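**Q** Dumping the structure here so I can ask a few things about it.
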Amino acid sequence: MAKTIAQINEKIKKGRAVVVTKKEMLDIVAEKGVKESAEYVDVVTTGTFGPMCSSMAVFNIGHPKPKIKIQKACINNVACYCGLAAVDLVIGASELSAKDPANEYGPGEFKYGGAHVIEELVAGREVDLRAVGYGTDCYPRKELRTLISLKDMNEAMLTNPRNAYQNYNVAVNLSDKCLYTYMGVLRPQLANANYCSAGQLSPLLNDPYFRTIGIGTRIFLGGGTGYIYSRGTQHTTDVKRTKGGVPVTPAGTIAVNGDLKSMSSEWLRGASIRGYGVSLAVGIGVPIPIIDEEAAKFVSVKDEEIFTQIVDYSKDYPDAKAQSLGQTNYKELKLGMIKIHGRDIPTSALSSYYKALQICEILKLKIKEGKFSLGEPVQNIPTVGSGVNFKGLKIRTPK
């Protein structure tokens, strides 16, 4: 019997909803089967925690006396974007400190950036804000320097244009030199393989056709509550899929937003990736409402049923189109060894399965206690056949 999100929310309100983590759902389906599980379970919690470069914070710092229209600003020597209103600032997670880290730490070492500023702020620390303005009759101040914390600001929002990738490549290196990439250090001659996904716990892999996840979906974001406000950038719909509907290449993404003041540095962490730069590790949890048998089937997908492509970053990634060296599944990846060209290659994850499990448990508890209800999507996210695809840039020389 089909259920609506409104009906499930009513059960949550009355304390009668059956809420389980994705890991628990696998055991329930093994015992009861998909059909009976769909009738029994109301919500399944999913989660992921890993570096998500396409992240940023938006601040309104409030007006000093006299007022200033900020033209340029930096926080802890990390540049902000100021092309908004007078005291609105944007800081990108991957923006690096203006103090060249290579001078202090050696070539290829990046230690501090926008992601670390965000982490320090949600941890309750004060940061050093410096700003300049060009001066107007209504905004006469031309310079500002102050220590500031989140509690001093009028508003602080985490607004991330692309998070929680629906599947991603396994990165390897077939060349003779070491590569430093956003997928971590790739040693030469196929010495290691890196991946970045929570696999069977990952939210978008449990609703591969976006039947319940859409614009307006309420989520766990960075330790607080957030929302999906759009499909994410680089969202791709028409990709190869398994018989169970799971994409076998990078596919869907989500754009998310939430109140930074409600978040925690446990779930927003600055990450320094050697030779590449800085990223923000973000914790995201999405509750999947079990509205029918098909939803239960999708949410019971296992690591061994989720396949992804092995890509040589020494040759294919710098180019626009990557060629797969073959595929593997997340069960094999998590066992720590996969076979490539007949060789056993050690694997390592940039994402944390342990913390993804924690997110599932935290979100489950919030829902069971009635502190978190499901957000019903006001608009669907594009899926198969919608014509929404990520394309490479065609470079044209101006005349």
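Since every read-out is calculated from the coordinates, none of them should be taken as a lab result. Please read all numbers here as calculations on a predicted model, not as lab measurements. Glycine gets a Cβ as well: all are built from the backbone with ideal geometry, and neighbour counts include every protein chain shown.
**Q** Residue by residue through region 221-228, what is 3J(HN,Hα) from phi via Karplus (6.51 cos²θ - 1.76 cosθ + 1.60, θ = phi - 60°)? Round to whole Hz and write x for glycine and proline.
**A** 9, x, x, x, 9, x, 9, 7
**Q** With +1 assigned to the C-beta of every Lys and Arg and -1 to the C-beta of every Asp and Glu, and no other charges, what is the dipole magnitude of the chain about the Cα centre in debye, to the nearest 20? Display every interim value, and only then the final one.
**A** Numbers: 50 positive and 39 negative charges, 128 e Å.
Dipole size: approximately 620 debye.
**Q** Of the candidates 182, 227, 317, which one comes out as most mobile in a Gaussian network treatment of the chain with C-alpha springs shorter than 10 Å?
**A** 317
**Q** Also, quick follow-up: Please work out which option in (1) 1.26; (2) 1.05; (3) 1.36 gives Cα Rg over 2.2 N^0.38 Å calculated from these coordinates, and answer with its label.
**A** Here Cα Rg over 2.2 N^0.38 Å agrees with entry (2).
**Q** Related question: Just list whichever of 99/391; 261/364; 111/302; 11/151; 3/368; 240/261 have alpha carbons separated by over 29 Å in the model shown.
**A** Numbers: 99/391 35 Å; 261/364 22 Å; 111/302 36 Å; 11/151 36 Å; 3/368 18 Å; 240/261 40 Å.
Long pairs (Cα-Cα over 29 Å): 99/391; 111/302; 11/151; 240/261.
**Q** I've got another one for you. Quick one: what are the phi-derived ³J(HN,Hα) couplings along region 158-172, Karplus 6.51/-1.76/1.60 with θ = phi - 60°, whole Hz, x for glycine and proline?
**A** 8, 10, 10, x, 8, 9, 6, 3, 7, 6, 7, 5, 9, 9, 9
**Q** Taking neighbour counts of Cβ atoms within 10 Å as a proxy for exposure, in what order, fewest first, do 56, 263, 337, 1 appear? It would help to have the intermediate numbers written out before the result.
**A** Values: 56 21, 263 26, 337 12, 1 6.
Ordered from fewest to most neighbouring Cβ atoms within 10 Å, 56, 263, 337, 1 come out as 1, 337, 56, 263.
**Q** Run the helix sum for the chain: -39,500 (n - 2.57) per DSSP H stretch of 4+ residues, divided by residue count, reported at 222 nm to the nearest 500 deg cm²/dmol. Could you put the intermediate results ahead of the total?
**A** Numbers: 8 runs with 69 residues, N = 399.
Using -39500 (n - 2.57) per qualifying helix, the result is -5000 deg cm²/dmol.
**Q** When the Cα centres of region 299-374 and region 141-208 are compared, how far apart do they sit, in Å?
**A** 14 Å
**Q** Please name whichever of 239, 75, 250 sits farthest to the positive end of the charge dipole of the chain, dipole taken about the Cα centre and charges placed at Cβ: Lys and Arg +1, Asp and Glu -1.
**A** 75
**Q** Out of 208, 250, 64, any idea which swings most in a Gaussian network model of the chain, alpha carbons joined below 10 Å?
**A** Taking springs between Cα atoms under 10 Å, the residue moving most is 64.
**Q** When only Cα pairs under 8 Å and 6 or more residues apart are kept, what is the percent relative contact order across the chain?
**A** On the way: 1026 pairs, mean separation 96.4, N = 399.
About 24 percent, as a whole number.
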